[in-house]
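Engineer: Sharing a structure here in structure tokens format.
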Amino acid sequence: MPTGPDSRGPVPILALDVPRLAEAFRWLDRLGPRVDWVKVGLQLFAAEGPAAVRALRRAGYRVFLDLKLFDIPNTVAGAVAAAAAWEVELLTVHALGGPAMLRAAQQAASTPLRLLAVTALTSWGEEHWATLWGGSPAMTLSAWTQRAAAWAAAEGLHGVVAPAAELAGLRAAYPGLAVLVPALRPVGGPTHDQARPATPAEVRDADYIVLGRAVTAAADPVAAWDELVRACRA
Ligand code: C5P
């Protein structure tokens, strides 16, 4: 059972990237009261559906549902309305859906649900980015992130998901937007499939951080969580 958030530094969220809900609860038992917020992503949601969200809410956890919704505005609005009914507090939509999709999503969001627009996936490296845009010098990852944030701000979303390198630029241009930074890693730690991992020093100014394999693949997950969260607040 969680004990409630600590107001210093970014809010840490545990990524429950596991195939079954029972395994998610084993992680939560192991990590104990230090975890307050959990991320339900595509893997767990595809396997267990809204029942996973309801069970986590019943156990007292705050839920970030990371579905990165990307569809026609009407369909996305319907999914957002459904998630609000499960007491999800944070939900992702993909910024690539553009202003009309973001607007429809925001109009469908009711309390306590707040929306985050995903700008770029942290697994996207330079090569992938160049492949997407044919190497156009005008379309840098920073330029795209700023454009996506402009849409999110204009449509009244709570914030954006962005790589750590974009955090300072987003803060300067859009002080009212919350920023969630995924892919946290200890300095020198394994990066797995992430091309843009974040170190604790880079995310101190973020609103939310996601801890996944940096914790679950560590030799001592409890110590890894405590050390990463401490470093993000130092
Ligand atoms: O295990 P790891 O720390 O790499 O997990 C990062 C988590 O953040 C994953 O659950 C992934 O789905 C999510 N995420 C991401 N990049 C984004 C948005 C979400 O890696 N832009």
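Engineer: Within segment 121-144, take every residue that is more than 16 Å from the ligand (Cβ to nearest atom) and of a type in the set (Ser, Thr, Tyr) and give me the one that is nearest to the chain's Cα centre (by Cα).
Structural biologist: Here the residue is 140.
Engineer: Now, a different point. Name the pairs: first residue in segment 150-171 and under 18 Å from residue 194 (Cβ atoms), second residue in a helix (DSSP H, G or I) and among the acidic types (Asp, Glu), Cβ to Cβ under 8 Å, at least 6 apart or on different chains?
Structural biologist: The qualifying pairs are 164/202; 165/202; 167/202.
Engineer: Let me ask you something else. Under the condition of being away from the ligand (no atom under 16 Å from the Cβ) and over 23 Å from residue 60 (Cβ atoms), which residue from segment 103-119 is surrounded by the most Cβ atoms within 10 Å (Cβ to Cβ)?
Structural biologist: Result: 105.
Engineer: Only residues that are part of a helix (DSSP H, G or I), surrounded by 17 or more Cβ atoms within 10 Å (Cβ to Cβ) and out of contact with any Asp or Glu (no Cβ under 8 Å at 6 or more places or on another chain): list them for segment 47-78, please.
Structural biologist: 48, 52, 56, 73, 76, 77
Engineer: Please specify each residue of segment 205-234 satisfying the condition of being of a type in the set (Gly, Ala, Ser), surrounded by fewer than 19 Cβ atoms within 10 Å (Cβ to Cβ) and more than 8 Å from the ligand (Cβ to nearest atom).
Structural biologist: If the condition is that a residue be of a type in the set (Gly, Ala, Ser), surrounded by fewer than 19 Cβ atoms within 10 Å (Cβ to Cβ) and more than 8 Å from the ligand (Cβ to nearest atom), then 218, 219, 223, 231, 234 are the ones that fit.
Engineer: In addition: Here are some residues: 29, 66, 71. Which one is in contact with a Ser or Thr (Cβ under 7 Å, 6 or more places away or on another chain) and of a type in the set (Asp, Glu)?
Structural biologist: 66
Engineer: I want to confirm something. Restricting to segment 1-23 and keeping residues that are assigned to a loop (DSSP other than H, G, I, E, B) and at pLDDT 95 or above, which single residue is surrounded by the most Cβ atoms within 10 Å (Cβ to Cβ)?
Structural biologist: My answer is 16.
Engineer: Give the residue that is farthest from the chain's Cα centre (by Cα), with candidates limited to residues of segment 79-96 that are buried (at least 23 other Cβ atoms within 10 Å of the Cβ) and over 17 Å from residue 50 (Cβ atoms).
Structural biologist: That would be 95.
Engineer: I'd like the full set of residues that are loosely packed, with under 13 Cβ neighbours inside 10 Å and within 16 Å of the ligand (Cβ to nearest atom), limited to segment 24-46.
Structural biologist: Correct list: 42, 46.
The values are calculated or read from the model by the stated rules, or taken from the named source; none is laboratory data. Quick caveat: nothing in here was measured; it's all calculated off a predicted structure. In this analysis, Cβ positions are derived from the backbone assuming ideal geometry, glycine residues included, and neighbour counts consider all displayed protein chains.
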